[in-house]
1. Check cross-link reach from residue A:163 to the lysines: straight Cα distance under 30 Å, and skip same-chain residues fewer than eight apart.
2. Whole angstrom only: what separates the Cα centroid of the range A:97-175 from the Cα centroid of the range B:149-185?
3. Have a look at A:179, A:94, A:157 and report the one farthest towards the positive end of the charge dipole of the range A:68-203, computed about the Cα centre with Cβ charges (Lys/Arg +1, Asp/Glu -1).
4. Once you place label points 7 Å from the Cα toward the Cβ at residue B:179 and residue A:134, how far apart are they in nm?
5. Give, as a single signed number, the net charge of other residues whose beta carbon lies under 12 Å from the beta carbon of residue A:111, with Lys and Arg counted +1 and Asp and Glu -1.
6. I'd like to know how the range A:8-65 sits against the 2.2 N^0.38 Å rule of thumb: what's its Cα Rg over that expected value?
7. What would the Debye formula give as log10 I(q)/I(0) at q = 0.19, 0.22, 0.23, 0.24 Å⁻¹ for the alpha-carbon point model of the range B:14-118, no solvent?
8. Report the Stokes-Einstein translational diffusion coefficient (µm² s⁻¹, integer) for the protein assembly as shown, Rh taken as the Kirkwood radius over Cα pairs, at 10 °C with viscosity 1.306 mPa s.
There are 2 protein chains.
Amino acid sequence: MTTTGLDGFALLDKTWSTVTPEAARRMLIAAVQAFAGKGYHATTTRDIASLAGMSPAAVYIHYRSKEELLFNISLVGHETSLALLSSIEGDGAVERLRNAVATFAGWHAEFHTTARVVQYELGALSPEHHEQVAELRRQIEQRMRSYIADGVEEGVFDVPDLKGATLAVLSLCIDVARWYQPGGKRTPDEIGAMYADLVLRMVRPN
Amino acid sequence: MTTTGLDGFALLDKTWSTVTPEAARRMLIAAVQAFAGKGYHATTTRDIASLAGMSPAAVYIHYRSKEELLFNISLVGHETSLALLSSIEGDGAVERLRNAVATFAGWHAEFHTTARVVQYELGALSPEHHEQVAELRRQIEQRMRSYIADGVEEGVFDVPDLKGATLAVLSLCIDVARWYQPGGKRTPDEIGAMYADLVLRMVRPN
DNA sequence: CTCCATACTAAGCGGTTGCTTAGAGCTAAG
DNA sequence: CTTAGCTCTAAGCAACCGCTTAGTATGGAG
């Protein structure tokens, strides 16, 4: 058996299931693990290659540069979380916001390895790639804002500052990726439920 | 005149006013700016030296290594924010929590350059230095938890999960350092006030 | 004046970095 | 069988990294 250094969790991260060929996917997953663990700049192409069980030069068969690896991770990661936020269902604004926060915060816990790279390594992208990702981030913000605005229109939320509240809710969910630890006593679903509760308390009328 | 690359804001950051001699302080401030802008690993000792207006070797007159620069920043930064949280006053638990959140969130906005290094570069510390900083972080968490617990005892807060709520409040404040931009339309004080409002809404009884 | 400590610089060392080159092994079409 | 194309590796290159060494300038004590 070949030792690749990729643990079962990472291989099961459905975020990357559409990436082909297999060697390119293996390399991406290795990069996600390395970037999440030590940060983009502290990770060498040799780290990535050896995690993927290949030689350093093999990286460049599938990707033009180390930055392109990061860009692929960032792009797919943002698209995944935007798709997740866009597919929220629920009866009424309260249930929709509850589901949105539970899903978004839960994703940042369950896929915290991917989420860390997605949320905290943006600064290492080239200006062109950064702008592409920034557009996706604007769409994510707009989605979350519309879930809150719906409740205000329905009269079930009391929110003095819509933009500020949206910022706070997104910030709360995103920061889960920073502090979450797999061994902790809360499961990702429990974190999602707790955060949904806290957010609904924040926007409920007196 | 010598060009040091240190802008007025950084030189006025009162966080570093006690660091002497002056050249060591100038070097620390340069390191804060560089680490905050590009991250610890992407910053070279030559970057720091040229920001401080000195030669690369001058770094090692005042600090043993690049990591010791980071440790000094992290230590002083954590001590400063712990001191800030410890000096909160106010009549009753509601006003004390309001002041605590406004102060803590406001600090992460006003001194976001320092705060970014303090909050997001922990992973680059040596294990020994990391443990020293972790102890300060536990004290910060305990402080914030006690402000919330006081309100529960007084009967003015409704908090089903004290540990979870503390985590969320700290997370909200800390993440300000990630998204805050000096040119934005909200001042640090306004952010502090808005966040204090949101947190009080989160913990108020029905 | 001499002497010594302090704060700094010019130059550079060994090691590591992202990435390239040259070529090997394999598959499959003609 | 030949050959083209794809995936991969061994080896290595130029640049850059953190840090050190050797030496200079300055200033205060005796």
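Computed from the coordinates by the stated procedures, all read-outs in this text should not be read as laboratory data. Please read these numbers as outputs of a predicted model, since none were measured by experiment. FYI the Cβ positions are ideal-geometry reconstructions off the backbone, even for glycines, and counts take in every protein chain you see.
1. B:38, B:163, B:185
2. Computed from Cα coordinates, the inter-centre distance equals 18 Å.
3. The listed residue farthest towards the positive side: A:179.
4. Each label point is offset 7 Å from its Cα along the Cβ direction, giving 1.6 nm.
5. Numbers: positive: A:14, A:116; negative: A:13, A:110.
Spelling it out: positives minus negatives among the neighbours equals 0.
6. Details: Rg = 10.7 Å, N = 58, 2.2 N^0.38 = 10.3 Å.
That works out to 1.04 for the range A:8-65.
7. Debye curve over Cα of the range B:14-118, log10 I(q)/I(0) at q = 0.19, 0.22, 0.23, 0.24 Å⁻¹: -0.88, -1.10, -1.17, -1.25.
8. Details: Rh = 22.7 Å.
The Stokes-Einstein estimate is 70 µm²/s.
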